[in-house]
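Only one structure is covered here, and it is reproduced in the block below.
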Protein chains: 4
Amino acid sequence: MLVVMKSDFADEQLVAVLAHIRGLGFTPHVLPGDHSVAVGITGNRRALNPGEFLALPGVKEAIPVTRPFKLASRDFQRRDSEVRVGDVVFGPGRFVVIAGPCAVESAEQTLRIAHKVKAAGAHMLRGGAFKPRSSPYSFQGLGLDGLRILREAARAVGLPTVTEALDLRSLEMVYEHADMIQIGARNMQNFTLLQEVGRLDKPVMLKRGMSATIDEWLMAAEYILEQGNSRIVLCERGVRSFDPYTRNILDLSAVPVIKGLSHLPVMVDPSHGTGQRDKVIPMALASLAAGANAVMVDVHDRPGEALCDGPQALLPEEFQSLRTRLGRLAEVMAVTLQPSAARASP
Amino acid sequence: MLVVMKSDFADEQLVAVLAHIRGLGFTPHVLPGDHSVAVGITGNRRALNPGEFLALPGVKEAIPVTRPFKLASRDFQRRDSEVRVGDVVFGPGRFVVIAGPCAVESAEQTLRIAHKVKAAGAHMLRGGAFKPRSSPYSFQGLGLDGLRILREAARAVGLPTVTEALDLRSLEMVYEHADMIQIGARNMQNFTLLQEVGRLDKPVMLKRGMSATIDEWLMAAEYILEQGNSRIVLCERGVRSFDPYTRNILDLSAVPVIKGLSHLPVMVDPSHGTGQRDKVIPMALASLAAGANAVMVDVHDRPGEALCDGPQALLPEEFQSLRTRLGRLAEVMAVTLQPSAARASP
Amino acid sequence: MLVVMKSDFADEQLVAVLAHIRGLGFTPHVLPGDHSVAVGITGNRRALNPGEFLALPGVKEAIPVTRPFKLASRDFQRRDSEVRVGDVVFGPGRFVVIAGPCAVESAEQTLRIAHKVKAAGAHMLRGGAFKPRSSPYSFQGLGLDGLRILREAARAVGLPTVTEALDLRSLEMVYEHADMIQIGARNMQNFTLLQEVGRLDKPVMLKRGMSATIDEWLMAAEYILEQGNSRIVLCERGVRSFDPYTRNILDLSAVPVIKGLSHLPVMVDPSHGTGQRDKVIPMALASLAAGANAVMVDVHDRPGEALCDGPQALLPEEFQSLRTRLGRLAEVMAVTLQPSAARASP
Amino acid sequence: MLVVMKSDFADEQLVAVLAHIRGLGFTPHVLPGDHSVAVGITGNRRALNPGEFLALPGVKEAIPVTRPFKLASRDFQRRDSEVRVGDVVFGPGRFVVIAGPCAVESAEQTLRIAHKVKAAGAHMLRGGAFKPRSSPYSFQGLGLDGLRILREAARAVGLPTVTEALDLRSLEMVYEHADMIQIGARNMQNFTLLQEVGRLDKPVMLKRGMSATIDEWLMAAEYILEQGNSRIVLCERGVRSFDPYTRNILDLSAVPVIKGLSHLPVMVDPSHGTGQRDKVIPMALASLAAGANAVMVDVHDRPGEALCDGPQALLPEEFQSLRTRLGRLAEVMAVTLQPSAARASP
């Protein structure tokens, strides 16, 4: 923490600041300047609150110097983490492709799409059973039935699954039926849910909140890590912005930023990040080029009938083409596209 | 819904769009233009999804024309709603002042501040017992003990209370101990929580999400309304923006925007909206001038020791001064500052 | 400047940083921490560039501690500045009301509206002769003819004028014909124009850029101040945001923020800030309550025929009503609504 | 244009709207709905202003249906444009690499870096002689001397140049000395400058404004096109956002969005887009993968001494490595990395 005094501070105000710092068990270091004085604080045994300093008379600013996250930080663990979901590994030198319908709509639809994405080379199957929808009048998902359908389809084609949990009740069911638990953007700061997920022994995909800073996102991961679950994959899915052409701005530079700050794998969801089919393929390729560890795309064979986000779903043949190009790109980027779980098992 | 065809659409694509619309039981109206053709759709018995049209070949855009919210809309109810919390009324011609500590820290601190804000003319007491904090290492609130402390202090001074519920478990406790349930910004799209609150017979303060559009905010209210609870007060608390000088941009124009769209009362929290004590008073006055129905401010008598958001808390004497100025401003704005609950009872 | 070392810095890297600082003629102060080391720099005879430190091996962050603006800063001048335009004064204890058409469309239209806003109690007349329009196909203003029309109308009713200059050529003409030069949002970082305005002896209204930070805005003022012109009034006009209901988010908290940082007067343009007539009155009142020194509103008696921004123009009778309410509000806020120039002259 | 009536509109208000439309020489089409009525307008011989409709009584919304840009639109020209700068071609199936120092600092520095980027395979040389700086106290560039230095260095190594013009005066000089004129983000809506550039016979690199929508960006191009200059390359350079880790959010999805809307080539500047050296390489690779036609990066061999933006400059060896990887990536993406001008000439 660096405390900056106002330009017209009184000496006794500075003395009071120094005494306050010493009273907290820390060491103040006075830094005289041309216009004012700053006080550096060392010996930080606990997080300091800028508030306790801003509230003192004569203080102009209190600037935190150390990062607020710990277990998620590269300072805590230098090497990249690996997160396993069945035979699939998220981590350095590898690239995972997740595909499937936005929502599980029926057993027939899910199985049909599962076969297609598996045939095209997906490593994991996605599909929402509990859907967070802005409107109470929109399709909310099939719930437990949806989870069972997803599980059956995944078994039939031999892929592990990821699906979203919305609350403690659905979390229990998702835990039982899926291989990886997705925490969506709207729940990134649902701390109760994060802590509960942190107590489970299942991998977690943590999506970035609608306008979460990278610090807030890593702090959300910290909530999970702090409860003991370190199998976390971060997922960029676009942040709110002002341009109406895309649903969000997909913040791809978050990928190298996270790589610098944290040891956790980071992936991208270009389907929700752009909201439009013809933007998904370029942004999926760009995600791999930017250094992401995985990509997740919506695929639907009849997008005009999709109950959720049809306009952003790739057609199976588009996904096939994307998958092929990702394969070639992976070679150039010197990462291995995972063998799918099924191919790994004889 | 207005469906716009691409400039190079084929006739059979237009025919397919018309057939699709008729197949859904709606009526298409072809609007020829210079560069393309648009198709208006009428007979909307249910919400149409732009996706079903965007997915058809030849279609360039699908523009929704009607608002996505219903029960929250002024089209549904023309006159302003009134929401009662004890003797306090949020609604047209009135202005409510809520004050108290950001967090309940101890029985002594809460009672001390409660006396001060009551003496200065607050109508309701605020105080957090369950605190959503970005960091798992920050003070998380006193929980059930905090609720009890808040209730005791409120009874002692004769003010109704508002406090935040974070999840289903804390909601049960807040329902039992508080007079108004606050749903915070981070939970604005926690739909499970919204639906549960919608089934309760207690008034709700629904804060705007960190970067929620006004449509999304009203849709969140719709989740509550649709379950039967119509005692909702919307609370603007700033949206995310790019300038580091304030914690958020307090979007005061949301007040007249909401007044135009919805019958629900709307209020402002300038403490969280700006994050800085010396911005709170001007923005509280501006809230009243902009037509808000209430204002909620953090007050702390020892902000340097506050466990949460000290820098934004007004000192009791600052609150007193604000309250006096609000009183004078209210006369000019032709609204009545509520008699406090205590003064109303003999 | 505070330079923070990476957690795994090497001793020789720290030594190199210290040598670099001394080589620049400054004094380094080492601040040991738990995880790393920070180095405070004092003796700042010139602005330091974080870049020179970030580029050194082992350096993690370089945090500027002092503000980048000088002449605009309250550290430079503690008391509030006063800016005179004819008999009108922008400054502490006063509130100025500027009104008029968005664009000068004809002599008849301008004179008609000038009479109406004067009668209603405006202190200055606005009206664009050079209009910056997003589209090359939109009405671009009457140019020099417009300036002459505005001047004639203003003389006829006895009000000083403000109008926008777009470039060096129009600046020359605006300088000759208007009483105050407006620099628009799109030109806030047109540094050539700022410097030229800085060499003139006319007051300047400097609008905030579309998404300018407050630091950038004050730095733009610094460009003008540094050339010798200190008669600057800052004008908040909304910043870009994500909600489609308003054209911009009017950032009213910029008013108290500027008051804290700078001695320059600050005003608000709620017409361009909201883009909608029925939001203008509440936000104009809120501007005064938030502590602004002036407000500028578009007025048009036939908004349906306006060549520019008709939907945000107040009708003359709406302006009259706003002006009356501002008068009453000013009393409560203890500021004087300026006598209009005409009333001041016998 | 689609005009939507309020739910409580009066019949005579609708009649007035229809008369108004016919009076303008257009044809109204009434579309009855459940809650209200909408009116489609066809026969658009000129741009309609939503304002003229919003100002009519009973009207709730006026929704423009056609795009505001024409010459920049793919509706106007279906095939991708090619823009030549010397032997370098920006256009379909090709990828151009531009590199050089942020600012021209001296003849020696520029020549040194020019040799290095040429040797590494750059196709064009960048370098600022006129620098738009937020602070009047920052280095503003060497001006005309800088242009001459850049030209000499470029000739020595055989590369065409691009450099920024800030105003009409510097534009004249840039026109004379450089091969491509850069219009920077801060000048994207400096319409006088755009129109002047539009009258020149030199290619233009048009950077996106700090928070410009894609429509505004294409409209800025329209200003240039409309004056007769169609040799425009659009350059994405990041938009303002809320996260402090990067200088801007690089909006890579703008690349496919522009590809859908316009025939103009589009490129990316990841150096200014991220502001940090270690984010530049991943984002440059991602730009190519996303379908951009070119990339421009800052290179400096002594970034610690750079007078401008040192922290974002690649070291020559980093640029070499990037260039090699771009070459391999280009093969996978089926685009040709241009032969550099020099290699093309024997």
Requested in this report: Would you pull out the residues with amide H under 5 Å of A:Glu61's amide H, same chain only if 5 or more places away, H placed 1.01 Å from N?
Outcome: A:Val4
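Pull up the DSSP beta bridges for the protein assembly as shown and report the antiparallel fraction as a percent, rounded to 5.
Counting only bridges with both partners in the protein assembly as shown, antiparallel ones make up about 40 percent.
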Report summary line: So for the stretch B:78-235, using the alpha carbon gyration tensor with a ≥ b ≥ c as root eigenvalues (a/c under 1.5 gives rounded; past that, a/b versus b/c decides prolate or oblate), I'd call it oblate
Report summary line: Mean per-residue count of partner chain Cβ within 10 Å for A:283-294 equals 6
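Scan the stretch D:167-221 for trypsin sites (Lys or Arg not before Pro) in coil per DSSP, keeping those whose Cβ has at most 15 other Cβ atoms within 10 Å, and list them by number. Before the final figure, lay out each step's value.
Values: sites: D:Arg169, D:Arg186, D:Arg199, D:Lys207, D:Arg208; in loops: D:Arg199, D:Arg208.
Sparse-neighbourhood loop trypsin sites (Lys or Arg not before Pro): D:Arg199.
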Report task. May I ask for the angle, rounded to the nearest 10°, between helix C:107-120 and the longest principal axis of chain C, with both axes built from Cα atoms and the value confined to 0 to 90°? Result -> 80
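Determine the alpha carbon to alpha carbon distance for each of A:Lys116/B:Lys6; C:Lys118/C:Lys259; A:Lys207/A:Lys259; A:Lys60/C:Lys259; C:Lys279/D:Lys207; C:Lys60/D:Lys279 and list only those over 23 Å. Mind dumping the intermediate values first?
On the way: A:Lys116/B:Lys6 30 Å; C:Lys118/C:Lys259 29 Å; A:Lys207/A:Lys259 16 Å; A:Lys60/C:Lys259 14 Å; C:Lys279/D:Lys207 34 Å; C:Lys60/D:Lys279 14 Å.
The pairs that break the limit, which is 23 Å between Cα atoms, are A:Lys116/B:Lys6; C:Lys118/C:Lys259; C:Lys279/D:Lys207.
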Report task. Evaluate the charge dipole of chain D about its Cα centre and quote only its size in Debye, nearest 20, assuming +1 on the Cβ of each Lys and Arg and -1 on the Cβ of each Asp and Glu. Result -> 700
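Mind checking the stretch C:46-154 for trypsin sites (Lys or Arg not before Pro) that DSSP puts in a loop (not H, G, I, E or B) and that have at most 10 other Cβ atoms within 10 Å?
Numbers: sites: C:Arg46, C:Lys60, C:Lys70, C:Arg74, C:Arg78, C:Arg79, C:Arg84, C:Arg94, C:Arg112, C:Lys116, C:Lys118, C:Arg126, C:Arg133, C:Arg148, C:Arg151; in loops: C:Arg46, C:Lys70, C:Arg74, C:Arg78, C:Arg79, C:Arg133.
Answer by residue number: C:Arg46, C:Arg78, C:Arg79.
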Query raised in the report: If you rank C:Tyr175, A:Tyr245, C:Tyr223 by how much accessible surface each has, with a 1.4 Å probe, what is the order from largest down?
Result: C:Tyr175, A:Tyr245, C:Tyr223
**Report entry** Separation between Cα centres of the stretch D:313-327 and the stretch C:64-143, rounded to whole Å
**Finding:** 50
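With every protein chain kept in place and ligands, DNA and RNA left out, what is the accessible area per residue of the stretch C:209-329? Probe 1.4 Å, answer in Å².
On the way: 2620 Å² over 121 residues.
Counting only protein heavy atoms, the per-residue value for the stretch C:209-329 is 22 Å².
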Query raised in the report: Got a number for carbon plus sulfur as a percent of chain D's accessible area, 1.4 Å probe?
Result: 51
Query - Farthest positive-ward along the stretch A:199-335 dipole, Cα basis, beta-carbon charges - from A:Ile281, A:Leu200, A:Trp217 - result: A:Leu200
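So for each of B:258-268, C:7-17 I average, over its residues, the number of other beta carbons within 10 Å; can you give me the resulting order with the highest mean first? Kindly include the intermediate steps, with their values, before the conclusion.
On the way: B:258-268: 23.7, C:7-17: 15.1.
Highest to lowest by the protection proxy: B:258-268, C:7-17.
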Query raised in the report: Non-local amide H neighbours of C:Gly100 (under 5 Å, H modeled in plane, Pro and chain starts lacking H): which ones?
Result: C:Arg126, C:Val297, C:Val299
Requested in this report: From zero up to wherever the largest Cα-Cα distance of the stretch C:83-337 sits, split into 10 Å bins and tell me the percent of pairs in each.
Outcome: 8, 34, 41, 17, 0
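Give me the percent of DSSP beta bridges within the stretch B:83-337 that run antiparallel, rounded to the nearest 5. It would help to have the intermediate numbers written out before the result.
On the way: 4 of 32 bridges.
Given both bridge residues lie in the stretch B:83-337, the antiparallel proportion sits at roughly 10 percent.
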**Report entry** For A:176-183, mean number of other protein chain Cβ atoms within 10 Å
**Finding:** 0
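About the Cα centre, and with charges only on the beta carbon of Lys, Arg (+1) and Asp, Glu (-1), how big is the dipole of the stretch A:117-264? Nearest 20 debye, please.
440
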Report summary line: Calc'd 3J(HN,Hα), the stretch C:203-219, phi into Karplus 6.51 cos²θ - 1.76 cosθ + 1.60 (θ = phi - 60°), Hz, glycine/Pro = x, comes to x, 10, 9, 9, 7, 6, x, 3, 9, 6, 6, 5, 4, 5, 5, 5, 5
Query raised in the report: Within 10 Å of each Cβ of D:208-219, how many other protein chain Cβ atoms are there on average?
Result: 5
Report summary line: From DSSP H assignment alone, runs of 4+ in chain D each adding -39500 (n - 2.57), the sum over residues rounded to the nearest 500 puts [θ] at 222 nm at -10500 deg cm²/dmol
Query raised in the report: To the nearest 10 degrees, how steep is helix C:277-289 against the longest Cα principal axis of chain C, on a 0 to 90 scale?
Result: 60
**Report entry** Amide hydrogen neighbours beyond the local backbone of C:Val37, cut-off 5 Å, H modeled
**Finding:** C:Met5
**Report entry** Between the stretch A:158-213 and the stretch D:278-297, the Cα center-to-center distance that results, in Å
**Finding:** 33
Query raised in the report: What is the helix-to-structure angle for D:316-333, meaning the angle in degrees between its Cα long axis and the longest Cα principal axis of chain D, kept from 0 to 90 and rounded to the nearest 10?
Result: 50
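The values are calculated or read from the model by the stated rules, or taken from the named source; none is laboratory data. Everything quoted here is computed from the prediction, not taken from an experiment. Neighbour counts are summed over all protein chains in view; Cβ atoms, including those assigned to glycine, are modelled from backbone coordinates with ideal geometry. To get the accessible areas, we keep the full protein, side chains included, count just its heavy atoms, and leave off ligands, DNA and RNA. Shrake-Rupley method; radii C 1.70, N 1.55, O 1.52, S 1.80 Å.
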